[in-house]
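What follows is a single structure, written as structure tokens, with notes after it.
The values are calculated or read from the model by the stated rules, or taken from the named source; none is laboratory data. Computed from a prediction, not measured in an experiment: that's the story for all the values here. When we count neighbours, we look across all protein chains shown, and the Cβ atoms used for this are built from the backbone with ideal geometry, even at glycine.
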Amino acid sequence: MASIDIESVRKSYGPFPVLHGVDLTIRDGEFIVLVGPSGCGKSTLLRMIAGLEEVTSGEIRISGNRVNDLAPKDRDIAMVFQSYALYPHMSVADNMSYSLRLRKTAKEKIASAVGSAATKLGLDPLLERRPKALSGGQRQRVAMGRAIVRQPKAFLFDEPLSNLDARLREQMRAEIKKLHADLKATSIYVTHDQIEAMTLADRIVAMHGGVVQQVGTPLELYDTPANLFVAGFIGSPGMNFLEGRYVVTGEGAGIRLSDGTVVPVARRTGIGPDAAVTLGIRPEHVVISDSGMLEAGVELVEPTGFGIILHLSLHGLPFKIFTLDREALSAGPKVRVDFPQKHLHVFDEKGNRVD
Ligand SMILES: Nc1ncnc2c1ncn2[C@@H]1O[C@H](COP(=O)(O)OP(=O)(O)OP(=O)(O)O)[C@@H](O)[C@H]1O
Ligand SMILES: [Mg+2]
């Protein structure tokens, strides 16, 4: 196992910069999840750690040793891709043992490594099959098995579950979590999936436009997003945003919205009176109440089974509520809402969190 240090790492393809200086320290045994929109540089960063992509500048260290110029095979890292990239003409067992056979590992050692990985992944009955006779989930397990048998210092996963249907993803997600609890191998996992990121990560790294926006535990990113990007990206349905101005009232403070309503907030330091701000509140934190301070039009009611998503129009802007209260099913055409202070987020003109 290994720690991984990424220091001032930049990447350009020709004149086009893709990563603008990434600094990140991944602890031994940690499970890190990289999230961010398409094209933000997640795969590029992962591929540089694996050695599949050259580092333009900066340094990558594995267990303290600089690996910038080390070939992928000498980095002792296993990568699991979205496309499983199994050899179609080989059995499951041969796919799994391929890298060990390449390294001329002793036969008994190979058999025991493949056997124990197969048992962990529930692949015992499938060892003689070819990939084409497997389901997507089973192929994904073989791809994981192939990585595990190598006992690498670290695992890199690039959206390994995105080809699977929702049910299988859920199942494999739990299996990956168990596997990590078992192997305790340093892992970096790229995903678009909110739930995967929140449930798997020791720490999440949120990226946008080739820049790391925030690094923290899932709940740190959910509770105290560092900026508007992270606030909008983490959580589903996404956080609501309203433009306003920060006002200082007698003993407290508030955000004055476009219609003149002042939403009380806790005093913020580091922001002046009348500064333009964005107020953020998550759909699950909005309270529907007959005495609520704001009125909103109900545009759409979406039952999810578990709860209900109300699509509202507030000051002409889209606004969402998520509630477990089934009475909301018959809401409309207007509802009144309240914003509990402890759930309010305030962002300055640049989009950075103000506490
Ligand atoms: N070989 C290449 N040559 C030029 N540009 C590239 C190359 N590979 C990637 N890029 C660009 O680098 C940026 C980052 O790509 P990357 O694949 O890392 O994104 P990503 O975050 O993994 O996105 P996705 O979620 O869609 O997989 C993109 O704008 C992409 O077009
Ligand atoms: Mg990618």
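Every condition in (1) more than 16 Å from ligand 2 (Cβ to nearest atom); (2) farther than 17 Å from ARG150 by Cβ holds for GLY41 except the one numbered (1). VAL190 - would you say it is more than 15 Å from ligand 2 (Cβ to nearest atom), out of contact with any Cys (no Cβ under 9 Å at 6 or more places or on another chain) and not small (Gly, Ala, Ser)? Answer is no for this residue. Looking at the stretch 53-87 only, could you name the residues that are of a type in the set (A, V, I, L, M) and in contact with a Pro (Cβ under 6 Å, 6 or more places away or on another chain)? Passing the criteria: ILE77, ALA78, VAL80, LEU86. Scanning the stretch 22-40 for residues that are more than 18 Å from MET198 (Cα to Cα) and crowded, with 16+ Cβ neighbours inside 10 Å gives VAL22, LEU24, CYS40. Residues that are of a type in the set (Gly, Ala, Ser) and either in contact with a Gly (Cβ under 6 Å, 6 or more places away or on another chain) or surrounded by 15 or more Cβ atoms within 10 Å (Cβ to Cβ) (or both): does the stretch 250-267 have at least one? Within the stretch 250-267, one or more residues are of a type in the set (Gly, Ala, Ser) and either in contact with a Gly (Cβ under 6 Å, 6 or more places away or on another chain) or surrounded by 15 or more Cβ atoms within 10 Å (Cβ to Cβ) (or both).
Residues are listed down the side, and each one gets a yes or a no for (1) closer than 17 Å to LYS177 by Cα; (2) outside the structural domain of ARG27 (by TED's automatic domain parsing); (3) crowded, with 20+ Cβ neighbours inside 10 Å; (4) within 26 Å of the chain's Cα centre (by Cα):
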{"position": "ARG103", "(1), (2), (3), (4)": "no, no, no, no"}
{"position": "ALA111", "(1), (2), (3), (4)": "no, no, no, no"}
{"position": "THR119", "(1), (2), (3), (4)": "yes, no, no, no"}
{"position": "ASP124", "(1), (2), (3), (4)": "no, no, no, no"}
{"position": "ARG129", "(1), (2), (3), (4)": "no, no, no, no"}
{"position": "GLY136", "(1), (2), (3), (4)": "no, no, no, yes"}
{"position": "GLN140", "(1), (2), (3), (4)": "yes, no, yes, yes"}
{"position": "MET144", "(1), (2), (3), (4)": "yes, no, yes, yes"}
{"position": "VAL149", "(1), (2), (3), (4)": "no, no, yes, no"}
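The lone criterion from (1) more than 16 Å from ligand 2 (Cβ to nearest atom); (2) in the same structural domain as THR119 (by TED's automatic domain parsing) left unmet by GLY252 is number (2).
Restricting the search to strands (runs of 3 or more DSSP E) fully inside the stretch 3-81 and requiring at least 2 residues that are within 16 Å of ligand 1 (Cβ to nearest atom) and closer than 19 Å to HIS180 by Cβ gives 31-35, 77-80.
Could you say whether any residue in the stretch 169-186 is crowded, with 16+ Cβ neighbours inside 10 Å and within 16 Å of ligand 2 (Cβ to nearest atom)? Among the residues of the stretch 169-186, not one is crowded, with 16+ Cβ neighbours inside 10 Å and within 16 Å of ligand 2 (Cβ to nearest atom), which makes the answer no. Would you say VAL67 is farther than 21 Å from GLN151 by Cβ and β-branched (Val, Ile, Thr)? Answer is no for this residue.
For the stretch 267-282, enumerate the residues that are more than 20 Å from PHE339 (Cβ to Cβ) and either out of contact with any strand residue (DSSP E or B) (no Cβ under 7 Å at 6 or more places or on another chain) or without any contact (Cβ under 8 Å) to a residue 24 or more places away in the chain (or both). THR269, GLY270, GLY272, listed by residue number. For beta carbons closer than 7 Å, sequence separation of 6+ or different chains, a first residue in the stretch 313-335 that is part of a strand (DSSP E or B) and a second that is charged (D, E, K, R) and surrounded by fewer than 18 Cβ atoms within 10 Å (Cβ to Cβ), the qualifying pairs are SER313/GLU299; PHE322/GLU284; LYS334/GLU295.
Going residue by residue through the stretch 73-80, is there one that turns out to be surrounded by fewer than 13 Cβ atoms within 10 Å (Cβ to Cβ) and under 20 Å from VAL205 (Cα atoms)? No, there is no match, as no residue in the stretch 73-80 is surrounded by fewer than 13 Cβ atoms within 10 Å (Cβ to Cβ) and under 20 Å from VAL205 (Cα atoms). Annotation note: of VAL92, VAL33, VAL55, the sole residue that is away from ligand 2 (no atom under 16 Å from the Cβ) and touching a Leu at 6+ places or on another chain (Cβ under 8 Å) is VAL92.
Just wondering, is there one or more residues in the stretch 58-80 that are out of contact with any helix residue (DSSP H, G or I) (no Cβ under 7 Å at 6 or more places or on another chain), within 16 Å of ligand 2 (Cβ to nearest atom) and hydrophobic (A, V, I, L, M, F, W, C)? So far as the stretch 58-80 goes, no, none of its residues is out of contact with any helix residue (DSSP H, G or I) (no Cβ under 7 Å at 6 or more places or on another chain), within 16 Å of ligand 2 (Cβ to nearest atom) and hydrophobic (A, V, I, L, M, F, W, C).
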